[in-house]
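*Asks:* Structure provided below as structure tokens; questions to follow.
The values are calculated or read from the model by the stated rules, or taken from the named source; none is laboratory data. Predicted model only: the values in this text are computed from it and were never measured. Note: ideal-geometry Cβ built from the backbone for every residue, glycine included; neighbour counts use all protein chains shown. Remember, those area values only see protein heavy atoms, side chains included, never the ligands or the DNA or RNA. Shrake-Rupley method; radii C 1.70, N 1.55, O 1.52, S 1.80 Å.
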Amino acid sequence: MGSHKQEGFYHVMNSLQTFNVFPSLPHSIQFLDKLSRNLWWSWHRDAIDLFRRIDPKMWLETKGNPLMFLTRIPPNRLMEISRDESFLIHQQGVMEKFNTEIENDAEDNGTPYGLNGTVAYFSMEFGIHESLPLFAGGLGILAGDHLKSASDMGLPLTGVGLFYQSGYFHQYLDHDGYQQEEYPETDVFTLPMFRVPDSNGNDLIISVDGPMGMIHACVWKLHVGRIPLYLLDTNIGINPPIIRCITSNLYAGDYEKRLAQEVLLGIGGIRALSAMNIFPTVCHINEGHPALASIERLYEFMTRYRIDIRTALEIIPRSTVFTTHTPVAAGHDEFPSHWVEPYLKPLSGRLGISCDEMISWGQPRNHGVEKPFSMFILGKRMAHDCNGVSRLHGRVARRMWAHLWPGLPESEIPITHITNGVHVATWISHEYSPLFERYIGPNWEMDIRNPEIVKRFDDIYDEELWRAHEINRARLVRTCRKKMIDQYRRRHAPLSMMKDAESVLDQGTLTIAFARRFASYKRAYLILQEPERLEAMIASKNHPVQFIFSGKAHPKDKEGKDLIKRLVEFARRPAVRHRIVFLEDYDIHTARYLVQGADVWLNNPRRPFEACGTSGMKAAINGVLNASILDGWWDEAYTERCGWIIGDGFEYTDSGYQDIVDCRSLFNVLENEVIPCFYERDKGGLPIRWIKMMKESMKTTIQNFSSARMVSEYEQLHYLHSAYQTAGLLLNNAEEARRIHAQGERLMLLWKHIVVQHPVSDFNQQYRLGDPLDVSVDVFLGELHPDEVDVELCVGKALTVDGMDAIHPEKMYDWVELGAGHFRYRRSIICEKSGRFAFTVRAMPKGDDRLRYTPGLITWAL
């Protein structure tokens, strides 16, 4: 049918038409088909159990993919369960919950986002389930968790991404332990998505201009609970082969192809939404990859509201949220300007501005003509609300990008932080979920931010919690053994080695997991710095330790690949070969077993290069104790009651010395704190102190580091503010937006004339608590007026002759006009703290934060 096969040779036929055949489900279980086509099932334990009970072995073989799973269930088994009263009762419970959360969704015309309004969430990758090849690592998993929590909350959010025919690469190791990559094509037939039709019932096709010709893409739709996720795909017949392959792989090594992907995601993503009559009230740009969406959005606002480009440029940043995840400047995508020009030139006529001006939006101000086009700079320039993904990362990002706001103190750089979180229902162990239902409440997932509810974790019997954890560890060990056997079989290893793999690891031994991307800054090599000490620790007869490593190195990262090889070689030592393993092809499936079954989650990056580290959160909600550098989220979460710190929390300019310090600390923590605590047992065989730390870890993380908390913060701090602000800016033919633009132009023209003289006080250097400090300053505003300028008294701790820290600006409201553009300002403040302080005065624009922090519009006292 369509083609024939002969001795491994497929005859290629023209005009090949494909079609899908799905199983015919008896009437009483037809809900299974609907359930399998919405990824809601992937984070609801009862729904997962409903599929698994049909055929547990087949569920495992199909990696928990319900569409693939149902096609492999024999018709007689389907008929059997359709008459099974117990199964039908189970199905009824799942169906009622599904209908409550999905089918009976509330009307959105009363929300701040307006009728049919939505938050469009753009991301290069989405990690929702292992069967969907749309993710590479933490950024994608975070995006998937974001969608799930938005669904739980009923937030009107729409996901936009790309569909990759081969996704991210699959990893396997050769005989020498060196990483190899393969890119198997994804079978769309097994994925719960469908092509979006246009108004005529044909496949919706959107187009973007490119240097190699028009880029056409179809649009796929997935349901993630209540949240629609749209994915653009260039692998369609009307494209030539060079265009089709644009969406072949995630994070293509070819940077021209990477640029084409980001153009398609940003510009094409907005065009796809427009073609489906979706006009987002707010856009959330997750990392810089989709930043070009803002440029296409300018055109959408101009045509929809009949406003000019300058007015639209005031609205777009105030309705855009930008999250940056990368704490290293070199990690942000930037491209030669002449690469970007062919994509932007066709937009020039539509927007009525020059291509050079658009390119300048992605470059630092006062740049040279050859400056590269930065996706971060474009993303930040087009987004008023910008945040890092942990408190420490926010500080790092402000320091890293301070040069974009010359003259502004680092602490005031307009980049905030919202610490990432994880979707608890997705990552919690099947053993813990019913335990929590019994002790905490049937809706514990929705109540986890309530401190009184979280206290109930203390009521869980120690023995029950420990036994559940031991089941998780045993499952992890069994999974590792199976994976090791499969890895040896793939390498055609002798039967003796495969037989030996059946006994790797031990179900009662302290198990430490290190699983993450094998980038050099994550320092998987740190524990190998003292190999003999490590071997002695692992081979201990009384208090043994076992290690599980997993993670991928980028295909072009030779250093990362060499490190994996080095780990594998160490694992072959006779004394440790049963207690250290490397699991290939780290993905969500493997991660789930690791974060649920390990005893310790090891994390030793070079501070401050770990932006957040959400894998540690997933482990912590499962009672796995973190031993980590004070970086990312752990810098906020650590207490001695719930884990351990490695190193001293300092950042060294000498990375070699930092490695030495942190390596010694790592071994000292493991040998003197972690291992004794684990093997310290009461008369009943329970590690009471360890269990107490497990409970603290669970309470702290579930309450403070869930994606429910994260998405709530995005809504309260960014989404709602952007929605209300946008509505106000558009009133009366965008009158307010026009006013802000005119004011901004006026300030840019006249600001250079402002002069702030040296401020004066009573020159009394000795003050007492409660004394007033009276300051006056003469300011020349030229043609500007005090209603347009904030003159601020800045007080802070004195550091040097010309430096101060922890600046607190206080507006100087008391002013008198001296004539000819001259004004005298006064301010009195009370000395509330003891210490050595300094003060000065500055002038900044008066207005909202977008206008106030316009780069270049700041003048300090002479």
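*Asks:* Using Cα pairs under 8 angstrom and six or more residues apart, how large is the relative contact order of the range 118-272, in percent?
*Replies:* 23
*Asks:* Further, regarding this structure: Roughly what % of Cα-Cα distances in the range 519-577 sit above 13 Å, to the whole percent?
*Replies:* Across the range 519-577, Cα pairs with separations above 13 Å total 63 percent.
*Asks:* Still on this structure, please answer the following. How much length would be gained if the chain were fully extended between H338 and S496, taking 0.36 nm per residue of separation minus their Cα-Cα distance, in nm to one decimal?
*Replies:* Extra length from H338 to S496 when fully extended: 51.1 nm.
*Asks:* While we're looking at this one, here's another question. If I take every Cα pair under 8 Å that is 6 or more residues apart in the range 437-585, average their sequence separation and divide by the length, what percent do I get for the relative contact order?
*Replies:* Once normalised by length, the contact order is 23 percent.
*Asks:* Here's a follow-up. Take the residue pairs K257/K565; K63/K618; K57/K565; K345/K371; K148/K380; K483/K552 and return only those whose Cα atoms are more than 23 Å apart.
*Replies:* In this structure, K257/K565; K57/K565; K148/K380 lie more than 23 Å apart at Cα.
*Asks:* Mind pulling the per residue volume of the convex hull built on the Cα atoms of the range 333-432? Å³ is fine.
*Replies:* Residue-normalised Cα hull volume stands at 157 Å³.
*Asks:* Using the beta-carbon distance between Y679 and R572 and R0 = 30 Å, what value does 1/(1 + (r/R0)^6) give for FRET efficiency, to the nearest 0.05?
*Replies:* 0.65
*Asks:* Need one number: convex hull volume per residue for the range 629-698, Cα atoms only, in Å³.
*Replies:* 74
*Asks:* Still on this structure: Report, in deg cm²/dmol and to the nearest 500, the calculated mean residue ellipticity at 222 nm for the chain, where each DSSP H run with n ≥ 4 adds -39500 (n - 2.57) and the sum is divided by the residue count.
*Replies:* Value at 222 nm, helices only: -11000 deg cm²/dmol.
*Asks:* Output wanted: per-residue J couplings in Hz (rounded whole) for the range 424-432, from phi through Karplus 6.51 cos²θ - 1.76 cosθ + 1.60, θ = phi - 60°, x for Gly and Pro.
*Replies:* For the range 424-432, the Karplus-derived couplings read 4, 4, 6, 9, 6, 5, 5, 6, 7 Hz, x marking Gly and Pro.
*Asks:* Right, another one. Using bins 10 angstrom wide from zero, how does P(r) for the range 673-788 break down, in % of all Cα pairs?
*Replies:* 10, 15, 14, 16, 19, 12, 11, 4, 0
*Asks:* Continuing with the same structure: Quick one: net charge around H289, please, counting Lys, Arg +1 and Asp, Glu -1 for every other residue with C-beta under 10 Å from its C-beta.
*Replies:* For residues surrounding H289, the net value is -3.
*Asks:* Let me ask something else. Please report the carbon-and-sulfur percent of the accessible area for the range 720-861; probe 1.4 Å, protein heavy atoms only, DNA, RNA and ligands left out.
*Replies:* Within the range 720-861, the accessible surface is 52 percent carbon and sulfur.
*Asks:* Put H289, H822 in order of accessible area, largest first, 1.4 Å probe: what do you get?
*Replies:* My answer, sorted largest first, is H822, H289.
*Asks:* So for the range 730-834, what percent of the C-alpha to C-alpha distances run longer than 17 Å?
*Replies:* 64
*Asks:* Let me ask something additional. Please express the shape of the range 183-253 as an equivalent ellipsoid: the semi-axes are the square roots of 5 times the eigenvalues of the C-alpha gyration tensor, given largest first in whole angstrom.
*Replies:* 21, 17, 11
*Asks:* What is the Cα convex hull volume of the range 395-552 when expressed per residue in Å³?
*Replies:* Dividing the Cα hull volume of the range 395-552 by its residues yields 218 Å³.
*Asks:* Right, something else. First obtain the Kirkwood hydrodynamic radius of the range 62-158 from its Cα pairs, then insert it into the Stokes-Einstein equation at 37 °C and 0.692 mPa s, and state the resulting D in µm² per second as a whole number.
*Replies:* Stokes-Einstein gives a translational diffusion coefficient of 199 µm²/s.
*Asks:* Taking N as the number of residues in the range 133-208, what value does Rg over Cα atoms divided by 2.2 N^0.38 Å take?
*Replies:* Ratio of Rg to 2.2 N^0.38 Å for the range 133-208: 1.50.
*Asks:* What lysines does K683 reach when the alpha-carbon gap must be under 24 Å and sequence neighbours fewer than 8 apart in one chain are set aside?
*Replies:* K683 reaches K541, K692, K695.
*Asks:* Sticking with this structure for a sec: Rounded to a whole number of µm²/s, how large is the Stokes-Einstein D of the range 509-618 at 37 °C and 0.692 mPa s, given Rh as the Kirkwood radius over C-alpha pairs?
*Replies:* 228
*Asks:* Divide, for the chain, the radius of gyration over alpha carbons by 2.2 N^0.38 Å, where N is the residue count.
*Replies:* 1.03
*Asks:* Consider all pairwise Cα distances in the range 188-333 and report the whole-number % of them above 18 Å.
*Replies:* 62
*Asks:* I'd like the distance between the alpha-carbon centres of the range 555-570 and the range 289-335, rounded to an integer number of Å.
*Replies:* 39
*Asks:* Also: For K752, list the lysines whose Cα falls under 20 Å from its own Cα; do not include residues on the same chain fewer than 8 positions away.
*Replies:* Qualifying lysines at Cα under 20 Å: K846.
*Asks:* Accessible surface of R490 in the full protein assembly, 1.4 angstrom probe, to the nearest 10 Å²?
*Replies:* 120
*Asks:* Let me ask something else about it. For q values of 0.12, 0.14 Å⁻¹, compute log₁₀ I(q)/I(0) with the Debye formula on a Cα-only model of the range 302-391, without solvent.
*Replies:* Values returned for q = 0.12, 0.14 Å⁻¹ are -0.42, -0.57.
*Asks:* Which whole-number percent gives the relative contact order of the chain, counting Cα pairs below 8 Å spaced six or more residues apart?
*Replies:* Over the chain, the number comes to 10 percent.
*Asks:* How many percent of DSSP beta bridges within the chain run antiparallel, rounded to 5?
*Replies:* So the antiparallel bridges amount to about 55 percent of the total.
*Asks:* A further question on this structure: DSSP loop GluC sites (Glu not before Pro) in the range 796-862 with at most 14 other Cβ atoms within 10 Å of their Cβ, which ones?
*Replies:* Within the range 796-862, the qualifying GluC sites (Glu not before Pro) (loop, at most 14 other Cβ atoms within 10 Å) are E832.
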